[in-house]
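Everything below concerns the one structure shown next.
What follows is calculated from the coordinates using simple rules that are stated; it is not laboratory data. The structure displayed is predicted, hence computed values, not measured ones. Every residue, glycine as well, gets a Cβ built from its backbone with ideal geometry; the counts of neighbours run over all protein chains shown.
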Amino acid sequence: MKLLKTRTDLLRLLPKNLIMAEIGVFKGEFSQQILDICHPSLLYLVDLFSGRTSSGDKDGNNIQEADMDVEYEMISRRYEKNPHVNLIKSSSHFFLEASPSESIEIVYIDADHSYESVSRELALCRDRVTDGGYICGHDYVNQWGVKRAVDEFCESEGLEIEYLTEDIYPSYCIINRKKPCHTQSRSMFTASAIMSPA
Ligand SMILES: C[S@@+](CC[C@H](N)C(=O)[O-])C[C@H]1O[C@@H](n2cnc3c(N)ncnc32)[C@H](O)[C@@H]1O
């Protein structure tokens with residue numbers, strides 16, 4: 001695992017001009033950093049954009065409250081002429097379920113921080129993110145369910161956190177290496193060989 005100072009450093013290190021998704025947008029401040037640093041060919045900005053919610057910065061400071069209906073209007077206007085931004089008012093799970101397999105190259109998960117929600121997002125991202133793509137997210141801490149969900153996901157999928165930031169609320173980054181097909185066929189062959197009568 002490689003440590004990076006901040007999540008901005010993580011963005012600098014990610015490959016450029018790819019299809020990205022930020023799941024949980026809030027006021028769009030990190031979205032703008034993604035656009036400025038990663039120059040995605042397409043950036044999905046996915047949020048419920050509903051009701052009032054609050055969020056802090058990458059270190060949990062400067063807590064701001066926002067009316068998300070107003071934010072949706074403002075972010076829509078900000079990017080209405082930007083062909084690289086696709087603003088999506090949806091739950092993270094609905095968006096990911098509706099996305100085709102391998103249709104996203106880099107995802108940054110920062111929505112509902114409960115264990116159940118993050119576990120479900122990670123499981124969906126395993127399929128929706130390309131082989132060798134990046135599954136990243138915010139708030140890898142014990143305070144909510146994020147750390148437990150990420151650790152269990154890595155353990156069950158045989159993956160590991162490749163980059164972790166040293167922000168007070170760290171960001172993690174996992175490379176979504178998929179199992180080679182021959183591993184599955186070989187183990188099926190072995191299983192059938194074992195089960196066949198001599
Ligand atoms: C921590 S804020 C996102 C901060 C943003 N990524 C940043 O770094 O500036 C969490 C956002 O997730 C959204 N959210 C919460 N639950 C969600 C869900 N199930 N699906 C989509 N968005 C959700 C909230 O509306 C809120 O705007």
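Miscellaneous remarks
- Length gained on full extension, residue 93 to residue 66: 7.5 nm, using 0.36 nm per residue less the C-alpha separation.
- Stretching residue 52 away from residue 78 to a fully extended chain increases their span by 7.3 nm, per 0.36 nm per residue minus the current alpha-carbon distance.
- Taking 103, 156, 31 as the candidate residues, the one with maximal mean-square fluctuation in a Gaussian network model of the chain, Cα springs under 10 Å, is 156.
- Longest exposed-site-free window of the chain, the sites being trypsin sites (Lys or Arg not before Pro) in a DSSP loop that have at most 14 other C-beta atoms within 10 Å: 82-176
- For the chain, the square roots a ≥ b ≥ c of the C-alpha gyration tensor eigenvalues yield an a/c of 1.5 or more together with a/b exceeding b/c, which makes the shape prolate.
- The charge dipole of the chain, taken about its Cα centre with unit charges on the Cβ of Lys, Arg, Asp and Glu (plus for the first two, minus for the last two), comes to roughly 640 debye.
- Each DSSP beta bridge with both residues in segment 2-195 is either parallel or antiparallel, and the antiparallel ones are about 35%.
- A full extension of the chain between residue 37 and residue 142 corresponds to an added length of 34.9 nm, given 0.36 nm per residue minus the alpha carbon distance.
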